[in-house]
1. Let me confirm something: among 85, 79, 67, which residue is aliphatic (A, V, I, L, M), at pLDDT 95 or above and not in a helix (DSSP H, G or I)?
2. In segment 16-49, which residue that is exposed (fewer than 10 other Cβ atoms within 10 Å of the Cβ) and in a loop (DSSP other than H, G, I, E, B) is modelled with the lowest pLDDT?
3. For the subset of segment 103-125 comprising residues that are farther than 20 Å from residue 87 by Cβ and of a type outside the set (D, E, K, R), which member is surrounded by the fewest Cβ atoms within 10 Å (Cβ to Cβ)?
4. Report, by residue number, each residue of segment 114-133 that is under 12 Å from residue 78 (Cα atoms) and either in contact with a strand residue (DSSP E or B) (Cβ under 9 Å, 6 or more places away or on another chain) or not aliphatic (A, V, I, L, M) (or both).
Amino acid sequence: MEPEANVVKERVMDESPFKGKTGLRRLINAIGYSVSGFGSAFRHEEAFRQEALLAVVLAAIAAWLNVPGTAKAMLIFSVLLVLVVELLNSAVEAAVDRISLENHRLAKRAKDIGSAAVFLSLVNVAVVWGLVLFG
């Protein structure tokens, strides 16, 4: 087999069998997976529900505040970042639990690091909102 053919074969073998869709079908599938992910997080993750409610309230307040557009964007982005980090943390926790429910130091480390990331994103909200509102 020619060297170039080997590279193509290796690339194909390294890819997921679920990566076959392209174009508009891929976009529609991706949107469906995202909606499913939001639904799953909302159903199964209390922290996500709480942070989503906080995000709705704070985004409404940010939109109402009489601050420049860039400040509004920073306020809203800081809140949305919490949701992004919480979703990633929940995904890590689900993957760790899928592997094993046994107490293991590496599982604890993964979950604790995810929790620390969520905590930092919440600190970021406090800092950004404090700086925008109180200079």
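1. The unique qualifying residue is 67.
2. 18
3. Taking the candidates together, the pick is 103.
4. Those that are under 12 Å from residue 78 (Cα atoms) and either in contact with a strand residue (DSSP E or B) (Cβ under 9 Å, 6 or more places away or on another chain) or not aliphatic (A, V, I, L, M) (or both): 121, 124, 129, 130.
The values are calculated or read from the model by the stated rules, or taken from the named source; none is laboratory data. The structure presented is a predicted model; accordingly, all values stated were derived computationally and were not measured. Because the Cβ atoms are built from the backbone with ideal geometry, glycine has one as well, and the counts that use them run over all protein chains shown.
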